[in-house]
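Student: Dropping a structure here in structure tokens format, bear with me for questions.
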Protein chains: 2
Amino acid sequence: MDQMVGTGSLCFSETPFILESASVVGTKEGEGPLGSCFDVIGEDDKFGADNWEGAESSLQKAALTLALGKADYKAEEMRYLFAGDLLGQTIATSFGLKSFEIPLFGVYGACSTCGESLALASMTLAGGYADRVAVVTSSHFASAEKQFRFPLEYANQRPVCATWTVTGSGSFVLVSAEEQKQKKADVLARIAGITTGKIVDYGIKDSMNMGAAMAPAACELIATHLADFNRKPEDYDKIVTGDLGTVGQEILFQLMRERGYDITKVHEDCGMKIFDGDSQGTGAGGSGCGCSAVTLSAHYLPMLKSGELKRILFVPTGALLSPVSFNEGQTIPGIAHGIVLEHVENKK
Amino acid sequence: MDQMVGTGSLCFSETPFILESASVVGTKEGEGPLGSCFDVIGEDDKFGADNWEGAESSLQKAALTLALGKADYKAEEMRYLFAGDLLGQTIATSFGLKSFEIPLFGVYGACSTCGESLALASMTLAGGYADRVAVVTSSHFASAEKQFRFPLEYANQRPVCATWTVTGSGSFVLVSAEEQKQKKADVLARIAGITTGKIVDYGIKDSMNMGAAMAPAACELIATHLADFNRKPEDYDKIVTGDLGTVGQEILFQLMRERGYDITKVHEDCGMKIFDGDSQGTGAGGSGCGCSAVTLSAHYLPMLKSGELKRILFVPTGALLSPVSFNEGQTIPGIAHGIVLEHVENKK
């Protein structure tokens, strides 16, 4: 049976599978190093909507539609939907997904939302509560700047430690072990286990340096995970954080060293994969709920499917701030969620 | 084993239990009809904080501390925490709960958050993923007015169909069947099943009439639940919605009649229980994540424990709007989550 491991970790005996996924991104992401890997690159960043929030909703709608299509399922065959985004009251999700009419668990974990949603979705499948569920998360550069910093028209300057919110939505269709057996379809990966993060606050107050705010939470999550599963960093082909960027990565390396771990050889960061900071002017890297979701979908899942990667720890990272908390002088606590993804020998 | 029922419902065979709960409210709630039932009534609505958001965080901290104390558990004995609130990026939760250091699943379902959190918490327990988890939700009149409408200093007028956001936080400590057996403690109620809601949008655009926006989602949830469980309204001692208020209740009755159900004899609404609209000037009733949470904790759970109520369907209702979506002329979609709560014959 399913197993509680250590503090906050689960190791699934009947592992659920990621059957299919989809990534829909904006123009800048399309011009980046992973440009050729995404399913859809928008012609402009409005995605047919009148405003930025509507554009983000369009992204979610497109990503879920595409993932369902690839998996050959109709919306009504999904028992539950786990979804969220960065905007206040997660409106990109509410307006993007309402037409699908799938029972919804709304999730908020800032940029860690993709990890939190995948965790809850896999618990739901492995617990026998569903055979088919879907996950959707998104972010949009323009809606996030408007929400957290300044309207784009203000043209404010950004320090080099700032990250660039990814315009993109990733969607995942997950199935239970039983459903996979019946469907006999190839899968992208298995979700072998999860580690659920706590809020970690090192007192960072600079909203232009999210990497520093989130690195302590990433460190806590990875160290807890390795202890809970009694593993070493080398037991993973990659340990992939969500959006720490170059500044956050350096802090993570140092914090991990203080905990007795060297992860420099296996660590990668979705935020550093998706943009070329030097040529694209994206500062320390990409960020946002969409960053880890589309990078997982377009870059890591294909490598897990092919067997190029056998096992990775996927760790989306979130910065728990709002414009109100920032303006009131509050710190920026971080949180992270860990997902163990493993290669599956497909029959075909 | 646990059983999938109909579309989006679950019927737990190893039912989890609500072991203890706590309610902490503001002065106005203390002066209302349920005033004598709450655990703590604040002396003023700032709860020792410098600002309204901080006050709401204090509410959450007090509620969880009290619920853990009643249950005789330390924070580190909780395997997971399910929590959320109404504020953008759910900052009342992030800052209120970070010091507990419990692995956190952040949830957003607007005012339905209490139902969504209880659903995920009971799935986690019944699935064998934890023996002890906690749930916290909150709202605060002043932080909600500032977030969704106008700062209090503006002193705007309110139509009679408007509801009054409850200042309060409810917290619940839930245990697995196995843990209850070992602990041999009296419990408040069992969670026999859940029904997870979809987003329902009838096109309401008036943010001063949340009852009308949420009633269609409540109707959809209740009708789906009754069909999924093959039950009639009379199979419940009460069907309790979260915060429809007088206007929303009337609409719910009519919509249910169109679906072939008469729930007028068994329906109650937490928003109509917590305030006396005539004498307290609270319009159509109370609302907010805190409304259903503190009313469940202070009013319904004691009646379930005593056996005065044998079985209720608890249906927190949420309005999925943000100030941005409202100002952009969007509709206000609704969502609802259903929890079946049953009396347990305690040994003592």
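Just so it is clear, none of the values below were taken in a lab; they were calculated from the coordinates. What you see is a predicted model; the values in this text were computed from it and never measured. No Cβ is skipped: glycine too gets one built from the backbone with ideal geometry, and neighbour counts run over all protein chains shown.
Student: Going 7 Å from Cα along the Cα-Cβ axis for the label, what nanometre distances separate A:Ala177 from the same residue across the other copies?
Tutor: Ordered by increasing distance: 2.1 nm.
Student: Note the per residue figure in Å³ for the convex hull of the C-alpha positions in segment A:255-303.
Tutor: On the way: hull volume 5.6 nm³, N = 49.
Enclosed volume per residue, from the Cα hull, is 115 Å³.
Student: Which order do B:Ile251, A:Ile335 fall in if you start with the one that has the fewest other Cβ atoms within 10 Å? Each step should come with its number before you reach the end.
Tutor: Numbers: B:Ile251 21, A:Ile335 32.
With the fewest neighbours first, B:Ile251, A:Ile335 line up as B:Ile251, A:Ile335.
Student: Taking springs between alpha-carbon atoms closer than 10 angstrom, which of A:Gly115, A:Gly281, A:Gly168 fluctuates most in the Gaussian network model of chain A?
Tutor: The residue with the greatest mean-square fluctuation here is A:Gly281.
Student: Net charge within 11 Å of B:Thr137 by Cβ-Cβ distance, Lys/Arg positive one each and Asp/Glu negative one each, not counting B:Thr137 itself? Walk me through the intermediate numbers first.
Tutor: Numbers: positive: none; negative: B:Glu56, B:Asp85, B:Glu116.
That works out to -3.
Student: In addition: Going by how many other beta carbons lie within 10 Å of each one, how would you line up A:Ser325, A:Ser297, fewest first?
Tutor: Ascending Cβ contact count within 10 Å gives the list A:Ser325, A:Ser297.
Student: So, one more: Considering the alpha-carbon set of segment A:30-69 alone, what are its Rg and its Dmax in angstrom?
Tutor: 10.9, 29
Student: Quick one: work out Rg over Rh on the C-alpha atoms of segment B:187-287, Rh as Kirkwood radius. Kindly include the intermediate steps, with their values, before the conclusion.
Tutor: Working: Rg = 14.0 Å, Rh = 14.3 Å.
Ratio of gyration radius to Kirkwood radius for segment B:187-287: 0.98.
Student: A follow-up question, please. Using a label position 7 Å from Cα in the Cα→Cβ direction, what is the ascending list of nm distances from B:Arg259 to the same site in the other copies?
Tutor: Label point to label point, same position, other copies: 4.6 nm.
Student: If you take every DSSP beta bridge fully contained in chain B, what fraction is antiparallel? Give it as a percent rounded to 5.
Tutor: On the way: 38 of 58 bridges.
Restricted to chain B, the bridges split so that about 65 percent are antiparallel.
Student: Rounded to the nearest 5, what is the percent of antiparallel bridges among the DSSP beta bridges in the protein assembly as shown? Don't skip to the answer; put the middle values down first.
Tutor: Details: 77 of 117 bridges.
Roughly 65 percent of the beta bridges in the protein assembly as shown run antiparallel, per DSSP.
Student: Classify segment B:40-100 as rounded, prolate or oblate, taking a ≥ b ≥ c as the square roots of the eigenvalues of its Cα gyration tensor: rounded when a/c is under 1.5, otherwise prolate if a/b is larger than b/c and oblate if not.
Tutor: On the way: a/c = 2.53, a/b = 1.34, b/c = 1.88.
Since a/c reaches 1.5 but b/c is at least a/b, the shape of segment B:40-100 is classed as oblate.
Student: Identify the trypsin sites (Lys or Arg not before Pro) of segment A:1-90 meeting these criteria: DSSP loop state and at most 13 other C-beta atoms within 10 Å of the C-beta. Before the final figure, lay out the partial values.
Tutor: On the way: sites: A:Lys28, A:Lys46, A:Lys61, A:Lys70, A:Lys74, A:Arg79; in loops: A:Lys46, A:Lys74, A:Arg79.
Sites meeting the loop and neighbour criteria: A:Lys74.
Student: If you don't mind, there's one more thing I want to ask. Please provide three numbers in whole Å: the alpha-carbon extents of the protein assembly as shown along the principal axes, with the largest listed first.
Tutor: 65, 55, 48
Student: While we're on this one: Got a sec to turn the phi values of segment B:111-121 into Karplus ³J(HN,Hα) couplings, 6.51 cos²θ - 1.76 cosθ + 1.60 with θ = phi - 60°, whole Hz, x for Gly and Pro?
Tutor: Karplus values, whole Hz, x for Gly and Pro: 6, 8, 4, 4, x, 4, 5, 5, 5, 5, 5.
Student: Sorted from shortest, what are the nm distances separating the label point of A:Asp235 from equivalent points in the other copies, each placed 7 Å from Cα along Cα to C-beta?
Tutor: Relative to the other copies, A:Asp235 has label-point distances of 4.6 nm.
Student: Starting from 0 in steps of 5 Å, tell me what percent of the Cα-Cα pairs of segment B:100-222 lands in each bin.
Tutor: 2, 9, 15, 17, 17, 14, 11, 8, 5, 2, 1
Student: Restricting to segment A:204-347, what percent of DSSP beta bridges are antiparallel, rounded to 5?
Tutor: Details: 7 of 14 bridges.
The antiparallel fraction comes to roughly 50 percent.
Student: Now for a separate question. How large is ³J(HN,Hα), in whole Hz, for each residue of segment B:283-293 in order, when computed from phi with the Karplus curve 6.51 cos²θ - 1.76 cosθ + 1.60 and θ = phi - 60°, using x for Gly and Pro?
Tutor: Using θ = phi - 60°, the values come out as x, 6, x, x, 8, x, 3, x, 4, 5, 5 Hz.
Student: Calculate, in whole percent, how much of the Cα-Cα pair population of segment B:275-318 lies beyond 18 Å.
Tutor: Working: 381 of 946 pairs.
Beyond 18 Å sits 40 percent of the P(r) for segment B:275-318.
Student: Also, I was wondering about something else. Output the Kirkwood hydrodynamic radius of segment A:1-69, Cα pairs only, in Å rounded to one decimal.
Tutor: Values: mean 1/r = 0.0689 Å⁻¹.
One decimal place: 14.5 Å for the Kirkwood radius.
Student: If the reach is capped at under 12 angstrom between alpha carbons, list the aspartates and glutamates near A:Lys98, excluding any in the same chain fewer than eight residues apart.
Tutor: B:Asp201
Student: Based solely on its DSSP helices, what 222 nm [θ] is calculated for chain A when runs of n ≥ 4 H residues each add -39,500 (n - 2.57) and the sum is averaged over all residues, nearest 500 deg cm²/dmol?
Tutor: Numbers: 13 runs with 120 residues, N = 348.
Result for chain A, helices only: -10000 deg cm²/dmol.
Student: Let me ask you something else. From the square roots a ≥ b ≥ c of the eigenvalues of the alpha-carbon gyration tensor of segment A:230-313, which class results: rounded (a/c under 1.5), prolate (a/b over b/c), or oblate?
Tutor: oblate
Student: Still on this structure, I have one more. Roughly how many Å is it from the Cα centre of segment A:66-126 to that of segment B:231-273, as a whole number?
Tutor: Centre-to-centre (Cα) distance: 29 Å.
Student: With N set to the residue count of chain B, report its C-alpha Rg divided by 2.2 N^0.38 Å to two decimal places.
Tutor: Details: Rg = 18.4 Å, N = 348, 2.2 N^0.38 = 20.3 Å.
For chain B, the normalised Cα radius of gyration comes out at 0.90.
Student: Moving to a separate point now. Could you please rank A:Ser21, A:Ser292, placing first whichever residue has the fewest other Cβ atoms within 10 Å of its Cβ? Spell out each step's value before the answer.
Tutor: On the way: A:Ser21 27, A:Ser292 37.
Sorted ascending by nearby Cβ count, the order is A:Ser21, A:Ser292.
Student: So which lysines pass the test for A:Lys265, namely a Cα distance under 26 Å, with those fewer than 8 places away in the same chain ruled out?
Tutor: Qualifying lysines at Cα under 26 Å: A:Lys198, A:Lys232, A:Lys238, A:Lys273, A:Lys305, A:Lys310.
Student: Under a cut-off of 18 Å between alpha-carbon atoms, report the aspartates and glutamates in cross-link reach of A:Lys183, not counting same-chain residues fewer than 8 places apart.
Tutor: Correct list for A:Lys183: A:Glu14, A:Glu20, A:Asp72, A:Glu76, A:Glu77, A:Asp131, A:Glu345.
Student: Under 9 Å from the Cβ of B:Thr15, count the other residues' Cβ atoms, weight Lys and Arg +1, Asp and Glu -1, and hand me the total. Working shown, then result.
Tutor: Values: positive: B:Arg190; negative: B:Glu14, B:Glu342.
Within the 9 Å Cβ shell, the charges total -1.
Student: Over segment A:77-167, what portion of Cα pair distances is larger than 21 Å, expressed as a whole percent?
Tutor: Distances greater than 21 Å cover 39 percent of the Cα pairs.
Student: Using all Cα-Cα distances in segment A:66-125, what percent lands in each 5 angstrom bin from 0 up to the longest?
Tutor: 4, 18, 25, 27, 20, 6, 0
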